[in-house]
Each structure stands twice: as structure tokens, then as C-alpha cells.
1. With the requirement that a residue be open to solvent by less than 70 Å² (accessible area, probe 1.4 Å), in contact with a Gly (Cβ under 6 Å, 6 or more places away or on another chain) and closer than 26 Å to residue 30 by Cα, what does segment 263-322 give you?
2. Those residues that are small (Gly, Ala, Ser) and either surrounded by 15 or more Cβ atoms within 10 Å (Cβ to Cβ) or not in a helix (DSSP H, G or I) (or both), I need them from segment 234-248; list them, please.
3. Filter segment 202-233 down to the residues that are within 14 Å of the chain's Cα centre (by Cα) and open to solvent by less than 10 Å² (accessible area, probe 1.4 Å), then identify the one that is nearest to residue 55 (Cα to Cα).
4. Residues 116, 122: which one is within 28 Å of residue 207 (Cβ to Cβ), at pLDDT below 90 and not in a loop (DSSP other than H, G, I, E, B)?
5. Examine segment 26-41 for a residue that is modelled with pLDDT of 95 or more, closer than 21 Å to residue 248 by Cα, within 17 Å of the chain's Cα centre (by Cα) and not β-branched (Val, Ile, Thr), and state whether such a residue exists.
6. State yes or no: is residue 69 modelled with pLDDT of 95 or more, assigned to a strand (DSSP E or B) and closer than 23 Å to residue 309 by Cβ?
7. Could you look through segment 307-347, keep only residues that are part of a loop (DSSP other than H, G, I, E, B) and of a type in the set (D, E, K, R), and pick out the one that is modelled with the lowest pLDDT?
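The values are calculated or read from the model by the stated rules, or taken from the named source; none is laboratory data. Quantities reported herein were computed from a predicted structural model and do not represent experimental measurements. Here the Cβ is made from the backbone with ideal geometry for all residues, glycine too, and neighbour counts use every protein chain on show. Keep in mind that these areas ignore ligands, DNA and RNA; they rest on the heavy atoms of the full protein, side chains included. Shrake-Rupley method; radii C 1.70, N 1.55, O 1.52, S 1.80 Å.
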Amino acid sequence: MQPTHTRLEATGAEDAERLLEVRKLKTHFFADEGVVRAVDGVNLSLKRGQTLCVVGESGCGKSVTARSILRIVPNPGAIVGGEILFQQRNGDTIDLAEMNPRGREIRRIRGGEISMIFQEPMSSLSPVHTIGSQIMEAILLHLPVTRQEARKRAAYMLDLVGIPRASEQLDAYSFELSGGMRQRAMIAIALACEPQLLIADEPTTALDVTTQANILDLIRDLQQDSGMSVLFITHDLGVVAEIADEVVVMYLGRDVESGDVDSIFHDAKHPYTRALLQSIPRYDSRDNRRLYSIKGAVPHPFDRPNGCPFHPRCDDFIAEQCNRIDPPRQVISGKHSVRCLLYSTAEEAPNNKDMLP
């Protein structure tokens with residue numbers, strides 16, 4: 001049986017340089033209580049060799065977006081709309097959203113061309129298999145090598161990510177390693193087959209500051225050596241400032257602002273982005289003012305507000321507009337875009353030529 005997904009031809013230098021493009025992605029969870037719109041029209045684009053950071057509070061849909069790209073959304077979740085365009089090594093551009101999540105071709109892509117570092121290595125690594133066997137499993141699945149060659153490559157990968165006595169640690173179990181070592185082992189598994197795209201879902205969560213810095217340096221060094229692209233999911237804007245080329249800010253399943261890292265940090269437009277930036281602790285602060293916090297909390301999935309999803313917490317709320325009108329995605333300049341009625345009024349929005357889908 002022939003695969004049902006669509007192959008698309010890349011056109012122009014811009015398309016040839018783009019590795020991943022997500023268009024209007026919608027991933028919903030169909031529960032007994034109702035439908036949870038975890039991802040509700042997300043757009044993002046990632047070029048070869050670049051790092052795209054996706055930021056936002058817990059519950060805004062970052063991890064579900066990443067799992068949607070790899071087609072590993074757990075039941076009762078499903079992709080209900082949008083495209084996930086990915087350019088393979090052979091030059092073909094395919095729509096991952098159309099693939100069978102249990103099909104042979106998406107299994108070839110997972111781990112081979114797209115890999116993922118999950119948020120908590122202790123729950124992601126098997127406690128009953130050695131670290132070496134888990135790395136070798138990925139290698140044997142995607143590369144034409146013998147078991148002996150796979151073991152040598154596994155030891156090389158552990159050494160590459162900075163684990164001492166790599167050949168000995170192949171026979172260690174995950175519970176015998178420290179948190180930092182487990183995260184390095186996860187990175188070794190993810191990079192074992194030299195993927196084009198690495199998705200890192202908050203890989204430094206629960207690690208101490210020193211280990212966090214080491215892991216970030218490791219990912220950056222490996223990226224420079226291999227030329228892979230990185231989709232980095234985090235809620236830490238300090239990390240974003242250090243590693244990102246492009247940034248997408250998400251809130252309640254939407255991309256509310258996107259652009260290059262300088263635009264986001266020095267010319268943020270969306271009130272939510274500005275609030276996140278104001279919430280960063282500053283070591284050079286000399287006054288006794290309390291740290292800024294965003295009022296309220298992310299709404300319950302079954303109680304989404306009408307209009308702009310951020311309006312109940314917004315300091316720039318426009319009465320009778322923000323609570324009624326869902327703001328379109330508006331181009332500010334270049335690649336900098338935002339979803340906010342401050343830049344697209346109700347009267348202007350339907351006729352604005354710069355409006356994005």
C-alpha cells in the first residue's frame with residue numbers, strides 16, 4: 001500500500017533553507033467533559049542550523065506542539081487541522097500531519113531525522129534496560145550496522161556528551177546515574193543517528209544551575225559540530241536569550257508573538273510577552289520593589305475566554321473589543337508578527353493586507 005501523505009516540492013532558496021514549517025496546527029483532546037484545544041492554530045518556522053525557542057507558561061501547549069511534530073500525541077488527543085511540513089535528507093518535503101502515527105515511515109523519521117529530548121529523563125529512560133542497550137536500540141533501528149558496531153557507536157556517543165568511562169557506563173542502569181548524567185544519556189540517544197532536527201522539551205528542568213549551564217553548552221556545541229536545527233521548549237527566558245535565533249511565544253495553544261530574538265527581547269509587542277520579560281529576576285536591581293508577576297492564571301481548558309485568550313490578565317485590555325474579537329496574526333516588520341488588537345483594530349483587521357493566516 002502506498003503512503004497517503006503528500007510530497008511537496010521545495011521552491012526557491014528560502015524554502016530550500018527551511019527545515020520545518022508548522023501552519024495552523026490544531027491538536028485537540030476529546031475528553032468526556034469536552035474538547036481541550038491544547039494547540040489551536042500554531043504557526044512556526046525553523047531554518048537549517050538555527051535554534052527556535054518556544055516559550056510560555058505551563059499549560060500553553062508547548063509540549064503538545066512538539067509531540068504533534070513527532071506524531072506521538074497520547075490518546076485521546078489527535079491532530080485535527082493544519083500542516084507540519086518537514087524537508088527530508090533526500091530533499092522531499094512531506095506533511096507529517098498526514099502520516100499514520102503508527103506507520104513505518106514516521107517510525108523511520110523518529111530518531112532518524114527528528115529526535116527528542118524529553119522533559120524528565122528518569123521517566124523517559126527504561127529502568128530495566130542498560131543505558132547502552134537503549135542507545136544501541138536506536139542505532140540498530142536506523143543504521144545498517146552490526147551489534148558490535150552499534151556498541152562502539154554507543155560508547156562514542158556517551159563519550160561525546162561528556163560521560164566519563166563511557167565504555168563502562170554502557171552497562172549502567174538509569175537509576176545508577178545522577179540527574180545530569182541521565183540527561184546526557186538522553187541526549188546521546190537522541191543524537192545517536194545524527195538527526196536533522198533535535199526537539200528539546202525543557203531538558204534542564206530539575207537540574208541545578210551548574211548542570212543546566214553544562215547541558216546548554218553541550219547542546220550548543222553539538223549543534224555547531226553537526227549543523228542540526230534545534231527546537232527548544234522552555235519557560236526560562238534567560239535560556240532563550242542565550243541560545244535562540246528565533247522565538248515563538250505561546251499562550252493557551254496560540255502563537256501570540258514570533259520573531260528573531262532581538263525583536264522579542266528589545267521590541268516586544270504583545271502584552272503577554274512584555275509581562276514575561278518583566279517577570280525575569282534581575283541581579284543588578286538595586287531597589288526593593290517586588291518582582292513583577294502576571295495577574296491571574298492560565299484559564300482552565302474547559303473555560304476558555306472569548307476573544308483574545310489573554311484579555312482577562314492583560315493590562316492593556318480594550319473594553320468591548322478584546323473580549324469579543326479574536327485578534328488575527330499581524331506582521332509588524334520582517335518576520336516579527338503578533339496577535340493583538342493594539343496593532344489591528346476591529347475595523348482594520350478584515351482589510352489589512354499584511355494579515356497572516
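1. 298
2. Listed by number, the residues that qualify are 241, 244.
3. Of everything passing the filter in segment 202-233, 233 is nearest to residue 55 (Cα to Cα).
4. 122
5. Yes, segment 26-41 contains a residue that is modelled with pLDDT of 95 or more, closer than 21 Å to residue 248 by Cα, within 17 Å of the chain's Cα centre (by Cα) and not β-branched (Val, Ile, Thr).
6. no
7. Taking segment 307-347 as the starting set, the residues that turn out to be part of a loop (DSSP other than H, G, I, E, B) are 307-310, 314-328, 334-335, 339-347.
Of the ones still in play, those that are also of a type in the set (D, E, K, R) are 315-316, 320, 324, 326, 335, 339, 347.
On the way: 315: 89, 316: 90, 320: 89, 324: 92, 326: 90, 335: 86, 339: 94, 347: 46.
Here the answer is 347.
Condition check ((1) buried (at least 21 other Cβ atoms within 10 Å of the Cβ); (2) farther than 23 Å from residue 188 by Cα; (3) out of contact with any Asp or Glu (no Cβ under 8 Å at 6 or more places or on another chain); (4) of a type outside the set (Ser, Thr, Tyr)) across all residues:
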position	(1), (2), (3), (4)
77	no, yes, yes, yes
83	no, yes, no, yes
90	no, yes, yes, yes
93	no, yes, no, no
96	yes, yes, yes, yes
114	yes, no, yes, yes
124	no, no, yes, no
128	no, no, yes, yes
135	yes, no, yes, yes
